[in-house]
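The values are calculated or read from the model by the stated rules, or taken from the named source; none is laboratory data. In this text the structure is predicted, and so the values were computed from the model without any measurement. Positions of Cβ are generated from backbone atoms using ideal geometry, with glycine treated the same way; all protein chains shown enter the neighbour counts. In case anyone asks, the SASA skips ligands and DNA or RNA and just uses the protein heavy atoms, side chains included. Shrake-Rupley method; radii C 1.70, N 1.55, O 1.52, S 1.80 Å.
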Amino acid sequence: MAKNIIKKYLPDTEKIKQHPSLKIFGALLHDNNLWHFNRRSARGAFAVGLFVALIPMPFQMVLAAALAILFRVNLPLSVALVWVTNPLTMGPIFFICYQLGALILGHPGHHVGAEVSLSWLIDSLDTIGKPFLLGCLVIGSTLSALSYTLVDYFWCMSAKKAWQNRTKKRQSETDSL
């Protein structure tokens, strides 16, 4: 079952509670709903984690933890999913976000010079900022809603299949008597 695979790779709850960046949440971390792994907490964690992953800001993990606490969903899964945008994937994902935002706003593509630097970024914020942020918001919201729905669907299908397997097993045990 996918639940067992995901739980296998999630870090220990006590280790997470002791992490220095999460100390700011104090007693809020003692809510048991943040550590349970059930259908409601998993689908919410996917929605929170993938939405925050598409927000271009530092300390995304802290924001994901805060939203997991606010919505009372699985905190470790929310924080782990933020790493969808990591140093290897961030460039292509954020480029797609910019392209979508530019398409929605009807902006022509902005040419990136041979050297991208901090001064270029500051000078280009007026031209690329709005399309980039709009694209991040649209893709983040869509990905969040889609993952919420898909996790819910697959969780239900998995539970239904497990129920059917138990019924068949009981039936075969009854028939063999």
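Just a few scattered comments:
- Protection proxy ranking of 27-40, 68-81, 160-173, 127-140, by the mean of other Cβ atoms within 10 Å over each peptide's residues and highest first, is 68-81, 127-140, 27-40, 160-173.
- For the range 20-89, the solvent-accessible area of protein heavy atoms averages 48 Å² per residue (probe radius 1.4 Å; ligands and nucleic acids excluded).
- Computing FRET efficiency as 1/(1 + (r/R0)^6) for Phe154 and Lys130, where r is the C-beta to C-beta distance and R0 is 30 Å, gives about 0.25.
- Extending 7 Å from Cα along the Cβ direction at Asp175 and again at Lys161 yields two label points whose distance is 2.1 nm.
- Each semi-axis of the equivalent ellipsoid for the range 126-177 is √(5λ) with λ an eigenvalue of the Cα gyration tensor; in descending order they amount to 50, 5, 4 Å.
- Cα-Cα pairs of the range 51-165 separated by more than 24 Å (percent): 39
- All Cα pairs of the range 23-100, percent lying beyond 22 Å: 26
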